[in-house]
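Enquirer: The structure is given below, and queries will be raised subsequently.
The values are calculated or read from the model by the stated rules, or taken from the named source; none is laboratory data. All values derive from a computational prediction rather than experimental measurement. Backbone-built Cβ (ideal geometry, glycine too); neighbour counts: all protein chains shown. Calculation scope for accessible area: heavy atoms of the full protein, side chains included, ligands and nucleic acids excluded. Shrake-Rupley method; radii C 1.70, N 1.55, O 1.52, S 1.80 Å.
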Amino acid sequence: MFGETFLTTTVDTVLKWARKNSLYPMPFGTACCAIEFMSVVSSHYDLARFGAEVVRFSPRQADLLIVAGTVSCKMAPVLKTIYDQMAEPKWVIAMGVCASTGGFYDNYATVQGIDTIIPVDVYVAGCPPRPEAVLDAVIKIQEKIEKEQHAPLF
Amino acid sequence: MSETTCATAAEVGLLLANRFADAVTEGPGPVGDTCLYVTPEKIVDVVRVLRDEQRFDFLMDETCVDYPDREPRFEVIYNLYSLSTGVRVFLKVKADDSEPGVPSITPLYRAANWFEREIYDMFGVRFAGHPDLRRILLYESFKGHALRKDYDATLRQPLIGPADGPDHARRHG
């Protein structure tokens, strides 16, 4: 009697669909990778095509932390605090070799990969990575969200 | 004042060598710039003469080099420039890391404040009379001085987290 006006699904599926298509990135830009991130967001590469164009500069309003650039040891507690301030659920992209491993800054002042401080979901190689690589990382995050067994409600 | 201003760095060197006979000696000039060794006791007086009489109005840089085989092992280098005459002079002071250290020129040039803090941070050279001699780039808990030649290049002492290597801790899946 209702024809095709109903669509049945599960709460999990809807949540995951909504989350993966409305990521709010928070750029933690400390170096040249942040410049590359600007072009990812801008019209030519256009992160908006993947629903992640609403860049937030407050961790309270973001669920995707993009660490773009070298993180010094002195900056590490700041990065940890920003990560802790983000509301669950949240994901992290380490953009570029500096954020992933310290890169060629193998010295006394630089964090040897942000995964010594916070958990990382996707690492992006490159110095800096091409915008396509960053888009690919966002798509990888989306796939990861889609595959989550039990999407945490809050 | 301006009639006594030297037109070249060599003249400045001669003037200082005459005025401070025992305290100023000629140093190496690797790139052709005038470079003078000054004793720590006289560095403030020499810099004051340059600033007040020779119109060296710009402390471009103050830095340090570690020569571990020498005694004393450090050289503090002052890069003074005159915007009005275009003359540049390098001054060098031999120093070690003992108290009270090289007299600070922060009272003469406020720019020296952070330069001297950086030298203290990286080399451990102290500056007597500096208003606020703390580390400037690294953190208080950092042990040692990173730009000394005998600082272990592989040593890691991060503020938080393990020193090295990813632990790949994942919260999701």
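Enquirer: As an exercise, use a Förster radius of 56 Å and the Cβ-Cβ distance of B:GLU53 and A:SER58 to find the FRET efficiency, rounded to the nearest 0.05.
Expert: Taking R0 as 56 Å, the efficiency between B:GLU53 and A:SER58 is 0.55.
Enquirer: Post the alpha-carbon centroid distance, the range B:87-164 to the range A:26-89, in whole angstrom.
Expert: The range B:87-164 and the range A:26-89 have Cα centres spaced 33 Å from each other.
Enquirer: Taking 0.36 nm per residue of separation and subtracting the Cα-Cα distance, what length does fully extending B:ARG135 through B:ASP150 add?
Expert: Between B:ARG135 and B:ASP150, full extension yields 3.5 nm more.
Enquirer: Just reorder B:GLU75, B:GLU118 by solvent-accessible area, largest first, 1.4 Å probe, all chains present.
Expert: Of B:GLU75, B:GLU118, the descending order of accessible area is B:GLU118, B:GLU75.
Enquirer: Continuing with this model, one more query. Ranked from the most accessible area to the least, with a 1.4 Å probe and all protein chains present, what is the order of A:HIS44, B:HIS145?
Expert: Values: A:HIS44 150, B:HIS145 35 Å².
Most to least solvent-accessible, the answer reads A:HIS44, B:HIS145.
Enquirer: Any chance you could look up the accessible area of B:ASP152 with a 1.4 Å probe, heavy atoms only, rounded to 10 Å²?
Expert: Estimated to the nearest 10 Å², B:ASP152 gives 80 Å².
Enquirer: For the pair A and B, how large is the buried accessible area, both sides, in square angstrom to the nearest 100, if the probe is 1.4 Å?
Expert: Its buried surface, counting both partners, is about 1900 Å².
Enquirer: Taking the Cα centre of the range B:9-151 as the origin, how large is its charge dipole in debye, to the nearest 20, when only Lys and Arg (+1) and Asp and Glu (-1) carry charge on their Cβ atoms?
Expert: 180
Enquirer: Put A:ASP63, A:ASP84 in order of accessible area, largest first, 1.4 Å probe: what do you get?
Expert: Descending order: A:ASP84, A:ASP63.
Enquirer: Continuing with this model, one more query. Between B:ALA10, B:VAL102, B:PRO68, whose Cα lies farthest towards the positive end of the dipole of the range B:9-151 when Lys and Arg beta carbons carry +1 and Asp and Glu beta carbons carry -1, centred on the Cα centre?
Expert: B:VAL102
Enquirer: With every protein chain present, what accessible area does A:CYS33 have (1.4 Å probe, heavy atoms only), rounded to the nearest 10 Å²?
Expert: Spelled out: A:CYS33, probe radius 1.4 Å, area about 10 Å².
Enquirer: I'd like to check one number: the per residue accessible area of the range B:9-151, probe 1.4 Å, reported in Å² as a whole number.
Expert: Numbers: 7050 Å² over 143 residues.
Ligands and nucleic acids excluded, the result is 49 Å² per residue.
Enquirer: Where both partners of a DSSP beta bridge lie in chain B, what percent of those bridges are antiparallel, to the nearest 5? Could the numbers behind the result be given before it?
Expert: Values: 19 of 25 bridges.
Approximately 75 percent, going by the DSSP bridge assignments.
Enquirer: Compute a Gaussian network model of chain B, connecting alpha carbons closer than 10 Å, and tell me which residue from B:GLY124, B:GLY32, B:GLY101 fluctuates the most.
Expert: B:GLY32
Enquirer: Also, I was wondering about something else. Indicate, rounded to the nearest 5 percent, the antiparallel portion of the DSSP beta bridges found entirely in the protein assembly as shown.
Expert: Given both bridge residues lie in the protein assembly as shown, the antiparallel proportion sits at roughly 50 percent.
Enquirer: Excluding ligands and nucleic acids, what accessible area in Å² is computed for A:MET38 using a 1.4 Å probe, to the nearest 10?
Expert: Estimated to the nearest 10 Å², A:MET38 gives 110 Å².
Enquirer: Compute the distance from the alpha-carbon center of the range B:1-79 to that of the range A:122-146, in whole Å.
Expert: 54
Enquirer: Could you sort out which of B:LYS92/B:LYS143; A:LYS90/A:LYS140; A:LYS80/A:LYS140; B:LYS42/B:LYS149; A:LYS20/A:LYS144 sit more than 19 Å apart by Cα distance in this structure?
Expert: Working: B:LYS92/B:LYS143 27 Å; A:LYS90/A:LYS140 14 Å; A:LYS80/A:LYS140 23 Å; B:LYS42/B:LYS149 28 Å; A:LYS20/A:LYS144 9 Å.
Beyond 19 Å between Cα atoms: B:LYS92/B:LYS143; A:LYS80/A:LYS140; B:LYS42/B:LYS149.
Enquirer: Relative to the Cα centre, what is the charge dipole magnitude of the protein assembly as shown, using +1 at the beta carbon of each Lys and Arg, -1 at the beta carbon of each Asp and Glu, and rounding to the nearest 20 debye?
Expert: The calculated dipole for the protein assembly as shown is roughly 760 debye.
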